[in-house]
Amino acid sequence: MRLDARDLEILRVLSSEGRITKAALAERVNLSPTPCWERLKKLEKAGLIEGYRAEINLRKLGPHLTVFVAAELSDHTAASFQAFEAAMQRYDEVLACWALGGGFDYLLQILTRDIDTYQRLIDEMLNARIGLSKYFTYVVTKPVKGHGVPPLSLIAGKLD
């Protein structure tokens, strides 16, 4: 799908304001509501917009701990990678998991109540024999920058 500047602007606005009304979105991207709605539907149909979410203020919800874990597998076969990746889907505490090239095999973002709960989760993963052989824990002490708006023009190859 070829994107023009208005498509990118629609995506940029939605990245930071997912609950914006269709009328307000149309006004922000300088389109009338019907063409804006058509573009939005086209972007959704093409899979460029995967969903709309609320950002939860976890500090107001209760104490929590964010941990990044660099994980190394004991075996580097395709079956081992597939088994580990399938296992990650079963742990609600694992918010994100990325396969890495060079060095560690995976980087996990884990959200849990406290360090004890985190350690129980790691112990469970080790006992589950999902291929985890080494792990390195990095505790987040404070957020510095969170869910930013992606540099869509740069990624799409359209420099302003």
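Do we have T34 as closer than 30 Å to G131 by Cα and among the polar types (S, T, N, Q) here? I'd like the intermediate steps shown before the answer.
Values: closer than 30 Å to G131 by Cα: no; among the polar types (S, T, N, Q): yes.
Against the criterion (closer than 30 Å to G131 by Cα and among the polar types (S, T, N, Q)), T34 does not qualify.
Could you check, for the range 22-41, whether at least one of its residues is under 22 Å from the mean Cα position of the chain (by Cα), closer than 25 Å to G146 by Cα and open to solvent by less than 40 Å² (accessible area, probe 1.4 Å)?
No: the range 22-41 contains no residue that is under 22 Å from the mean Cα position of the chain (by Cα), closer than 25 Å to G146 by Cα and open to solvent by less than 40 Å² (accessible area, probe 1.4 Å).
Residue by residue through the range 79-121, note down the ones that are among the aliphatic types (A, V, I, L, M) and open to solvent by less than 70 Å² (accessible area, probe 1.4 Å).
Initial filter on the range 79-121 (among the aliphatic types (A, V, I, L, M)): 79, 83, 86-88, 94-96, 99-100, 107-108, 110-111, 115, 121.
Within the range 79-121, A79, A83, A86, A87, M88, V94, A96, L107, L108, I110, L111, L121 meet the criteria.
Which numbered condition trips up R53, out of (1) of a type outside the set (S, T, Y); (2) open to solvent by less than 100 Å² (accessible area, probe 1.4 Å); (3) under 30 Å from G101 (Cα atoms)?
Result: R53 passes all but (2).
Please find, among L100, L95, the residue that is over 30 Å from D7 (Cβ atoms) and either touching a strand residue (DSSP E or B) at 6+ places or on another chain (Cβ under 7 Å) or modelled with pLDDT under 95 (or both).
The conditions single out L100.
The values are calculated or read from the model by the stated rules, or taken from the named source; none is laboratory data. From a predicted model like this one, the values you see are computed outputs, not experimental measurements. So basically every Cβ, Gly included, is an ideal-geometry build from the backbone, and we count neighbours across all protein chains shown. Surface accessibility is based on the protein's heavy atoms, side chains included, excluding ligands, DNA and RNA. Shrake-Rupley method; radii C 1.70, N 1.55, O 1.52, S 1.80 Å.
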